[in-house]
1. Identify all residues within the range A:37-94 that are free of Cβ contacts under 8 Å to residues at least 24 places away in the same chain and among the basic types (Lys, Arg); write none if there are none.
2. Would you be able to say whether some residue in the range B:52-60 is at pLDDT below 90 and of a type outside the set (D, E, K, R)?
3. Could you please let me know if B:GLY16 is away from chain A (no Cβ under 14 Å), at pLDDT 90 or above and farther than 21 Å from A:LYS42 by Cβ?
4. Keeping to the range B:72-116, report how many residues are within 18 Å of B:ALA56 (Cβ to Cβ), within 14 Å of chain A (Cβ to nearest Cβ) and β-branched (Val, Ile, Thr).
5. Report, by residue number, each residue of the range A:46-56 that is open to solvent by less than 80 Å² (accessible area, probe 1.4 Å) and either more than 13 Å from chain B (Cβ to nearest Cβ) or of a type in the set (Ser, Thr, Tyr) (or both).
6. Would you call A:ALA64 in contact with a Lys or Arg (Cβ under 7 Å, 6 or more places away or on another chain) and at pLDDT 95 or above?
7. Starting from residues that are within 21 Å of B:TRP35 (Cβ to Cβ) and not aliphatic (A, V, I, L, M), keep the ones in the range A:97-113 and report whichever is surrounded by the fewest Cβ atoms within 10 Å (Cβ to Cβ).
8. Restricting to the range A:69-93, and then to whatever is within 14 Å of chain B (Cβ to nearest Cβ) and either of a type in the set (Gly, Ala, Ser) or open to solvent by 50 Å² or more (accessible area, probe 1.4 Å) (or both), can you tell me which residue is nearest to the chain's Cα centre (by Cα)?
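The values are calculated or read from the model by the stated rules, or taken from the named source; none is laboratory data. Since the model is a prediction, treat every value here as computed from it, not as a measurement. We place every Cβ from the backbone using ideal geometry, glycine too, and count neighbours over all the protein chains shown. The protein model used for the area step is the full one, side chains on, heavy atoms only, and it has no ligands, DNA or RNA in it. Shrake-Rupley method; radii C 1.70, N 1.55, O 1.52, S 1.80 Å.
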Amino acid sequence: KQEVTQIPAALSVPEGENLVLNCSFTDSAIYNLQWFRQDPGKGLTSLLLIQSSQREQTSGRLNASLDKSSGRSTLYIAASQPGDSATYLCAVFSSGSARQLTFGSGTQLTVLP
Amino acid sequence: GAVVSQHPSWVICKSGTSVKIECRSLDFQATTMFWYRQFPKQSLMLMATSNEGSKATYEQGVEKDKFLINHASLTLSTLTVTSAHPEDSSFYICSARDPDTWAEQYFGPGTRLTVT
């Protein structure tokens with residue numbers, strides 16, 4: 001059964017800092033990995049999707065990497081802003097018999113002005 | 001991009017009543033939709049997979065008689081919480097899979113259910 005772990009659970013940084021969020025998964029048989037943002041009481045906003053054949057994806061100040069063989073992904077946020085404060089969720093779409101999206105528990109990010 | 005809507009966005013109901021939540025794919029036909037539940041400060045947990053025209057597949061520990069799922073058309077799936085209790089209070093999120101990009105899911109904005 002796929003398990004997804006996110007470290008740290010919470011992170012607080014001053015505005016302007018670059019930061020890295022970590023995601024690890026136990027089963028490397030995946031189709032893709034996706035990073036989401038969730039604001040309090042809101043739904044999910046998809047940030048980046050990395051196919052299993054890709055190593056990284058970039059969108060603006062965000063860069064996500066994928067090392068499928070080691071079961072790891074990172075989300076890099078450059079020049080953080082208070083508006084980046086949210087919970088960031090990593091989700092893996094497994095290609096095994098389950099074929100479902102498994103979510104990590106999230107990293108709650110606070111960017112202090 | 002593909003859009004998924006949910007209705008209502010929030011609902012308050014009394015214990016013992018039933019409440020229905022709708023999930024719609026607005027610009028694509030979704031043969032498969034998913035229902036998740038999220039408790040405060042926790043991640044999303046898959047409750048069931050809804051397939052158009054057939055019975056839903058429930059995850060272990062999810063009562064199928066309590067959480068009724070109907071996927072009668074390619075753009076609509078409904079989740080009915082029957083005989084709701086305060087412990088059913090949660091954030092319910094649906095997602096839909098576009099057959100053209102089948103490995104990607106599109107998420108609705110969620111429905112906050114509070115049972116008093």
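1. Selection gives A:LYS42, A:ARG55, A:ARG61.
2. yes
3. yes
4. 2
5. A:SER46, A:SER52
6. Answer is no for this residue.
7. Taking the range A:97-113 first, the residues within 21 Å of B:TRP35 (Cβ to Cβ) are A:97-106.
The next check asks that each one be not aliphatic (A, V, I, L, M); those that pass are A:97, A:99-100, A:102-106.
Numbers: A:SER97: 7, A:ARG99: 13, A:GLN100: 17, A:THR102: 22, A:PHE103: 21, A:GLY104: 26, A:SER105: 17, A:GLY106: 24.
If we take residues in the range A:97-113 being within 21 Å of B:TRP35 (Cβ to Cβ) and not aliphatic (A, V, I, L, M), then A:SER97 is surrounded by the fewest Cβ atoms within 10 Å (Cβ to Cβ).
8. A:ALA91
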